[in-house]
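Remarks on the structure that follows.
Bear in mind these aren't lab numbers, they're just calculated from the coordinates by the rules spelled out. Everything quoted here is computed from the prediction, not taken from an experiment. Please note: Cβ atoms are built from the backbone with ideal geometry, for glycine as well, and neighbour counts cover all protein chains shown.
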Amino acid sequence: MNLTMNISETWFCNRGILVLSEYNQTKTCLCPPSYYGLRRQWQSQRISLTLQFISSCSKTISAVFQVITMLINEHNEIIGNHEEILFCWPMDTLREGQINRTGTWQGVIETYPSNEIGSGWNKTLEIGLYPMTDHKCTTLRSTMTENGVLRGTKNYRLCRGRNADDLYIDEGSSTLAVQWINDMLVSSFKFSGLFTISRLRMRGNILEEEILTTDDTPAIKNKVVSVRARSMHLIKMTRVSNIGQNLLSFRFIYFAILYLIRFVLVLP
């Protein structure tokens, strides 16, 4: 029996060779056993994983999920690359602006007066994933250099205490209370006869740090007391790296890990 095949039918099989039955022209694909389906369009070793997060709670939920998927063979070896996805719930614009600071930032210190220590120094600020749960801390590390020479480091941590409003900076030997005033992270303290106010805020894609130092003049009841300003330091920093920049493009920022879910898929 003479069988003919249309040239377009040669593309019928995703893998293998198309065979036509001599009786009813039924199409069959001859292909390796690792493929199946009418047109051998499926690969038997391919695994699909679908995850869905459903919240029955308030929209203010702050849970964060880190999902790691990997393939492990019978020898407990990871096959190929693993995937990591960080997912968190949407939040209001103000809340998002408060914690959208994760990454490494760099800028040049401006001082007023211009002859203050630190003028012209380069500052690198590393900020870790924002602490979303109580009694958790994250990286807050500063490095200052001048013409490539290291001038100082501050290996601090930003911590959350009993609740979201109980924030402080762990300096190692002491702690410094900080608070949010709208989108500004503000701290104030006294040291060696000086009073200092520091604020950290976002302006577009720029992270600004401003430090104002004044005399610690004692107050007098029912009288206005003038306070002499000593100096102001201003640093405008741009983000040079972001911990979450290679994750899926959600409209979400990159936070501290609250839950860790591991899906280990073992090949037969």
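Think of the range 117-252 as a dipole: +1 on every Lys or Arg Cβ, -1 on every Asp or Glu Cβ, centred on the Cα centre; then among T175, Y156, M237, M237 lies furthest on the positive end. Add +1 for every Lys or Arg and -1 for every Asp or Glu among the other residues with Cβ under 10 Å from the Cβ of L185, and state the total. Result for the neighbourhood of L185: +1. Counting Lys and Arg as +1 and Asp and Glu as -1 over every other residue whose Cβ lies under 13 Å from the Cβ of G152, the net charge comes to +3.
Rounded to the nearest 20 debye, the dipole magnitude of the range 113-256 is 140 debye, with +1 charges on Lys and Arg beta carbons, -1 on Asp and Glu beta carbons, and the Cα centre as origin.
All other residues with a Cβ under 10 Å from the Cβ of G161 taken together, and with Lys, Arg as +1 and Asp, Glu as -1, what is their net charge? With Lys, Arg at +1 and Asp, Glu at -1, the net is 0. For the range 172-183, the Karplus equation 6.51 cos²θ - 1.76 cosθ + 1.60, evaluated at θ = phi - 60°, returns couplings of x, 8, 7, 10, 10, 5, 10, 8, 8, 10, 6, 9 Hz by residue, with Gly and Pro reported as x. By the compact-protein rule of thumb, 2.2 N^0.38 Å, the alpha-carbon radius of gyration of the range 158-222 corresponds to a ratio of 1.30.
Annotation: peptides 218-227, 110-119, ranked by per-residue average of other Cβ atoms within 10 Å with the highest first, follow the order 110-119, 218-227.
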